[in-house]
Amino acid sequence: MAGISTAAISDSEAARLLAIEEGHFADLKSLRIAPGKLTESLSAFANAEGGEVLVGIEEDKPTGRRTWLGFKDTEAANGHVQAFDALFPLGSEFTYEFLSNPSSDGLVLRVSIRKTRDIKKASNGVVYVRRGAQNLPVESPERLDILRRDKGLTSFETEPFNCDKEAITNSEHIIAFMLEVVPATEPEAWLQKQRLLVDSKPTV
């Protein structure tokens, strides 16, 4: 599918994905859930601190056992991508990527969401915010006003910091963190993708 890359991951990386704890920054979803329902998660993450939605993970509720059961091919994800892209267009705030694994069935669609400056609604017209592992609707005028004020603030975290990028990319903490990132990538490339490096300068 044009504009969306596919990354091959190892068996150990796939196992780590299946073991992700759903919570404030991560949501795992089955293909059987309607795309419109999934936009609630995208809205919730965008209106909170950001996060990731993985589409193509089945979970047996009684046992908690998860299974990789992704899209047959990229074309099979057209309905999901079109529904998502209409509200959450591919770009700096929303990135889409297919994950493949030779030992697993199909492609998992990973949607990475950054906190947005504007309020994002789901396809049902409702605004959601992520709290823990829940997508909570924001319906009262008072709560919407609070969210608007929050979105209107200039974040100090986006300001560039005057130091060499190597102080961050080669730091012990970043290198340790990168060992857990799926798929494996270089620190500088990952930091740029997350907008933690802008014009070769780290952000606060």
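What follows draws every value from the coordinates through simple rules; no lab data is involved. Keep in mind the model is a prediction, meaning the values are calculated, not measured. Neighbour counts run over all protein chains shown; Cβ positions are idealised from the backbone, glycine included.
Residue-wise HN-Hα couplings along the stretch 6-14, as the Karplus relation 6.51 cos²θ - 1.76 cosθ + 1.60 with θ = phi - 60° gives them from phi, are 10, 10, 8, 10, 7, 4, 5, 5, 5 Hz; Gly and Pro carry x. Lysine pair count for the chain (Cα-Cα distance under 21 Å; residues 8 or more apart in sequence or on different chains): 19.
Secondary structure note: in the stretch 1-82, about 55% of the DSSP beta bridges are antiparallel.
Kirkwood-type hydrodynamic radius, the stretch 37-87: 12.6 Å, calculated from all non-identical alpha-carbon pairs. Panel note: the C-alpha atoms of the chain, placed on their principal axes, show extents of 47, 45, 35 Å (largest first).
What does a probe at residue 61 reach in the stretch 1-29, counting residues whose amide N is under 19 Å from the point 7 Å along Cα→Cβ? Output list for this probe position: 22-23, 27-29. Ellipticity at 222 nm from helices only: DSSP H runs of n ≥ 4 in the chain, each -39500 (n - 2.57), divided by the residue count, give -8500 deg cm²/dmol. Remark on residue 128: its backbone amide H falls under 5 Å from those of 44, 122, 138, a criterion applied only to residues 5 or more positions apart or on other chains, H modelled at 1.01 Å from N. Spatially, the stretch 22-54 and the stretch 104-124 are offset by 6 Å when compared through their Cα centroids.
Peptides 14-20, 45-51, ordered by how many other C-beta atoms sit within 10 Å of their residues on average, highest first, read 45-51, 14-20. Coordinate range of the alpha-carbon atoms in the stretch 94-204 per principal axis, descending: 46, 46, 22 Å. I'd like the antiparallel share, as a percent to the nearest 5, of DSSP beta bridges with both residues in the chain. Approximately 75 percent, going by the DSSP bridge assignments.
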